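What follows is a single structure, written as structure tokens, with notes after it.
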Amino acid sequence: MIVLTSCNTKEKPEGPVNLTSNSTFFDGYPDWSQAEEKLAFVSFREDNYEIYTLNINNDAIERLTQNQVTNSNPVWSPYGSKLLFEQNHGGNNFEIYVMNSDGTNQLRLTHNKIFDGFASWSPDSSKILYQSAINRNDSKSFEIYTMNSDGSNQLNITNNNFYDGFAKWSPDGSKILYQSNRNGSIHLYISNTDGTGQTQITTGSSNNQSAQWSPNGSTIVFESDRKGTSELYTVNPDGENLKQITNLEAYSNSPKWSPSGKYIVFVSGSGIGDNTTFEIYSVSINDKKIQQLTENSFYDSNPTWSSNGSKIIFQSSTDDNVDIYMIDFDDN
């Protein structure tokens, strides 16, 4: 690990472990089961984008999907018994599916000839939050929906002509946090789960996005360019107590809270053009001390915590390959 002091001095970090070194193809979009030491991820190792699991304890890899279409974005249910994922039905048509953790009982939940994706489970696994868009490449067409875990009762909770996305359940399942450009810049909003009570919690002319609830729901972390470069901030759900927690003067993004709520892991990039690098960092909420966790010439992204906060997984992209790595971390 690297500790960044006020003068930004650096030391060489300990190297992360490559979990997918046996593959020379794309391995990415990892999601860590909160119920056991197992990852779900996407791989092209068998000439198609399929969903796999990886057991951290014995390195056993199991293929869950068996078809010749693109499968992506696996998401574990809170109790680790099921996985959500997206499947491409041609062009812009992505549909949401659910399956058991061993790949059995694959069930299609959405039946639209448009994009449905970026799905997530409610804390009690009874509902699913997702985005739907007529055109995946047109941000104005994105809306936020909820549905029951069996695909029934699909409800549009935003329903306007602007971009609404990156929606997250509150830890108690009573609220939904999302971002929207309905008032010009991208701002953060909170609503009830049925779409009522929509409240804007950030203001100004800056863009505010990629927000995440703290584990106890008392604080929200997000990225904002309100001072020029993108930095991380925290704010209360009522919009009060805004604090800047990074000052790297670089593109800091993709924040994720540790299980204890004491740390946030994130990605930060610097450089121009082909010399741009993206590394994994953590920041302590109490003293804002920043640790640089990776140091290389590649693109490190998508960091995710283990359930006990002892490890972080992420994907790293080279010129011709993407692999999944793991690094130790003391969340306590």
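The values are calculated or read from the model by the stated rules, or taken from the named source; none is laboratory data. What you see is a predicted model; the values in this text were computed from it and never measured. All Cβ positions, even for glycine, are placed from backbone atoms using ideal geometry, and neighbour counts span all protein chains on display.
Of the residues making up segment 96-124, just one is within 22 Å of the chain's Cα centre (by Cα), surrounded by fewer than 21 Cβ atoms within 10 Å (Cβ to Cβ) and of a type in the set (D, E, K, R), namely ASP124. Every condition in (1) buried (at least 18 other Cβ atoms within 10 Å of the Cβ); (2) under 30 Å from LEU83 (Cα atoms) is met by THR202 except one, and the failing one is (2).
Does ASN181 fit the bill of being touching a residue at least 24 places away in the same chain (Cβ under 8 Å) and farther than 22 Å from GLU295 by Cα? Yes: the conditions hold for ASN181.
For segment 191-213, taking the residues that are farther than 18 Å from GLU231 by Cβ and of a type in the set (Ser, Thr, Tyr), the one that is farthest from the chain's Cα centre (by Cα) is identified as THR196.
Quick grid of which residues meet (1) at pLDDT below 95; (2) farther than 17 Å from ASN302 by Cα:
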| position | (1), (2) |
| --- | --- |
| PHE222 | no, no |
| LEU232 | no, no |
| VAL235 | no, yes |
| LEU242 | no, yes |
| GLY261 | no, yes |
| GLY273 | yes, yes |
| TYR281 | no, no |
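None of SER284, SER258 is under 24 Å from GLY217 (Cβ atoms) and crowded, with 22+ Cβ neighbours inside 10 Å except SER258. Which members of segment 306-320 meet the condition of being surrounded by fewer than 15 Cβ atoms within 10 Å (Cβ to Cβ) and either more than 15 Å from GLU37 (Cβ to Cβ) or of a type in the set (D, E, K, R) (or both)? Result: THR318, ASP319, ASP320. Restricted to strands (runs of 3 or more DSSP E) entirely inside segment 176-252, those with at least 3 residues that are under 18 Å from SER268 (Cα atoms) are 208-213, 220-227, 229-235. Restricting segment 214-229 to residues that are under 18 Å from ILE186 (Cα atoms) and in contact with a strand residue (DSSP E or B) (Cβ under 6 Å, 6 or more places away or on another chain), which is surrounded by the most Cβ atoms within 10 Å (Cβ to Cβ)? Among them, the one singled out is SER224.
Taking the criterion of being touching a Phe, Trp or Tyr at 6+ places or on another chain (Cβ under 7 Å) and either β-branched (Val, Ile, Thr) or exposed (fewer than 14 other Cβ atoms within 10 Å of the Cβ) (or both), the residues of segment 47-61 that qualify are ILE51, ILE61. Residues that are in a loop (DSSP other than H, G, I, E, B) and acidic (Asp, Glu): does segment 307-327 have at least one? Yes; the residues of segment 307-327 include at least one that is in a loop (DSSP other than H, G, I, E, B) and acidic (Asp, Glu).
Just to be sure I understand, how many residues within segment 170-199 are under 16 Å from LEU129 (Cβ atoms) and of a type in the set (Val, Ile, Thr)? Looking only at that region, the number is 4. The residue that is farthest from SER125 (Cα to Cα), among those in segment 46-80 that are of a type in the set (Gly, Ala, Ser) and modelled with pLDDT under 95, is ALA60. Checking the stated criteria, VAL235 turns out not to satisfy the condition of being over 19 Å from TYR163 (Cβ atoms) and under 17 Å from the mean Cα position of the chain (by Cα). Restricted to strands (runs of 3 or more DSSP E) entirely inside segment 19-101, those with at least 3 residues that are touching a Lys or Arg at 6+ places or on another chain (Cβ under 8 Å), at negative phi and not charged (D, E, K, R) are 50-55, 94-100.
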